[in-house]
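> Pasting a structure below so you can have a look.
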Amino acid sequence: MFFLSNTNEAKSYTLIHNVFFEQIMPYLDDKYLKVYMYTYYLANNIDKIGVKNNEDIAKDLNIDYLDVISAFDYLEKLNLIRKHYVENSQSDNYSIEILSLNKYSKKQETTYEMEYISSKNEKLRQMYDKIEEITKVHLNAYDIKKIDTTIKNNDIAYEVVIEAFKFIYYNNKSVNVNEALNTLKLWIREGIYTSKDLDNSLSNINERYATYRKILKYFGEYRLPTKPEMKKMDKWIDEYCFSIEVIEKAIDETLKIKSPNFRYLDAILDKWYELYTRTRKILQKDKKDYTNFKTEIMKLQNTDRKITEDEEKKLSFLYKNYPLDAVFSAIKHMNLQNKTNDIDTLFDFITGDINTGDLQKETTLSFGNISLDDLENIFANQQENMRKTEPKNITKTVKRQTYVNTPTLTGKDLEDAILSNNDLDNF
């Protein structure tokens with residue numbers, strides 16, 4: 001029980017509406033609560049205490065000046081105060097009007113908290129449902145208040161809050177509210193408030209997690225990956241060395257079937273990798289690989305220095321477009337003629353007056369990142385082989401072009417190339 005020992009001392013007290021304690025105080029951050037209560041006290045005792053500015057309030061409450069500014073900004077958003085700015089003055093020079101709390105009285109059906117979340121109620125509920133799904137525990141009122149306070153005080157998107165819980169669970173295999181909120185505060189210090197901010201920054205925080213998230217998001221899934229899914233994605237990235245564009249294209253093909261799923265997506269990428277490696281072996285069976293080619297060039301030119309990006313492009317162009325024996329013979333010929341023998345001179349000697357635009361488009365060979373262009377060339381070769389073996393007396397019909405960007409490759413053709421009938425029976 002709580003009671004006043006001497007009601008005759010009423011003049012020594014600052015009266016505040018009961019609704020403040022019932023409906024508002026539980027949801028205010030500690031510092032913001034101190035600022036509101038002290039400002040309310042000052043407003044009711046201005047004749048006795050006099051006027052105080054924001055710096056005075058910060059000093060009296062032993063809090064940072066910026067916390068006072070933030071508190072007034074937040075309290076105004078909640079319609080608990082109103083700022084009256086002094087004309088032609090600094091942005092933080094204003095008077096504070098304490099607004100009436102009568103609209104939150106018990107006679108009203110709408111409480112303060114209901115008014116705050118009325119337009120966002122469904123999204124808030126969905127956010128807490130997602131958090132409970134991740135933590136696998138029911139959130140109590142105290143946990144909800146802590147999460148809600150963090151959101152209100154920082155104007156942070158619900159998606160970012162959910163992602164903080166996902167991130168902790170991914171790294172620790174378990175998560176609680178305090179761990180997630182600590183991560184959230186670190187993100188806020190890094191300027192992460194929205195889902196877009198997170199997309200731009202997450203790769204710097206944890207690159208592999210960011211990749212998982214990007215793949216699942218493109219697949220239309222906004223959740224944590226399962227262990228089997230992570231194992232499959234690791235295979236695509238680490239073993240197959242597929243770029244994210246290749247994986248996204250495989251997802252596009254997967255989404256065309258009636259019931260898209262990860263097993264089908266994995267089967268597509270398995271088949272693409274098989275086609276890639278098989279085609280590479282065919283194309284390279286009579287050639288030395290590029291690394292050996294470059295090593296041989298450097299040996300014949302009697303140099304071991306690091307080559308420039310422009311020289312790398314020229315070597316790549318020669319490797320792709322000229323017989324290797326012809327390139328090696330050219331170097332030997334230049335050596336016999338005592339001509340300057342470097343990569344630039346070799347390139348000019350072999351190619352003559354080549355269009356420089358062709359060279360600008362040249363990309364150096366990479367054996368650690370299979371690109372979309374690499375696979376599209378393979379699909380084109382595959383389709384050409386299918387065309388050559390096709391019976392000539394069959395009447396061709398107009399076929400719909402698929403996402404794979406080749407003029408005659410149809411959805412059925414691609415499906416046949418990707419999976420056998422036995423494979424399809426498994427889905």
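Every number in this text was worked out from the coordinates using simple rules, so none of it is lab data. Everything numeric here is computed off the predicted structure, so don't read it as measured data. Backbone-built Cβ (ideal geometry, glycine too); neighbour counts: all protein chains shown.
> Using the Karplus curve 6.51 cos²θ - 1.76 cosθ + 1.60 with θ = phi - 60°, work out ³J(HN,Hα) for each residue of region 28-44 in order, rounded to whole Hz, and write x for Gly and Pro.
With coefficients 6.51, -1.76 and 1.60, one gets 8, 4, 4, 5, 5, 5, 4, 5, 5, 4, 5, 5, 4, 5, 5, 5, 7 Hz.
> Hey, another quick one. What is the order of 233, 298, 334, fewest Cβ neighbours within 10 Å to most?
298, 334, 233
> Here's another thing I want to ask about it. From the cross-link list 31/173; 249/294; 231/271; 152/231, which pairs have alpha carbons spaced over 27 Å apart?
Listed pairs above 27 Å: 31/173; 249/294; 152/231.
> Using the 10 angstrom Cβ neighbour count as an exposure proxy, how do 243, 201 rank, fewest first?
Result, fewest neighbours first: 201, 243.
> Treating only the Cβ of Lys, Arg, Asp and Glu as charged (+1, +1, -1, -1), what charge dipole size does region 290-354 show about its Cα centre? Round to the nearest 20 debye.
200 debye
> How high is the relative contact order of region 24-76, in percent, with contacts defined as C-alpha pairs under 8 Å that are six or more residues apart?
That works out to 43 percent.
> Also, quick follow-up: Only loop residues by DSSP count here, and only those with at most 14 other Cβ atoms within 10 Å; note down the chymotrypsin sites (Phe, Trp or Tyr not before Pro) in region 193-278 that meet that.
Loop-located and lightly packed - 222.
> Shifting gears a bit: What net charge do the residues around residue 133 carry, taking every other residue with its C-beta under 14 Å from that of residue 133, with Lys and Arg at +1 and Asp and Glu at -1?
Its environment carries a net charge of +1.
> Ok, one more. So who's got an amide H within less than 5 Å of the one on residue 81, skipping anything under 5 residues away but keeping other chains? H placed 1.01 Å off N, in plane.
76, 99
> For the residue pair residue 340 and residue 47, what label-to-label distance in nm results when each label sits 7 Å from Cα along the Cα-to-beta-carbon direction?
Distance between the two pseudo-spin positions: 9.6 nm.
> Using the number of other C-beta atoms within 10 angstrom as an exposure proxy, rank 49, 251, 147 with the fewest first.
Fewest to most other Cβ atoms nearby, the residues stand as 49, 251, 147.
> On to the next question. Pulled fully out, how much extra length does the chain show between residue 223 and residue 62, if you take 0.36 nm times their separation in residues and subtract their Cα-Cα distance?
So the extension gain works out to 53.7 nm.
> Please compute the length gained on full extension between residue 95 and residue 185, using 0.36 nm multiplied by the number of residues separating them and subtracting their Cα-Cα distance.
Fully extending the segment from residue 95 to residue 185 adds 29.3 nm.
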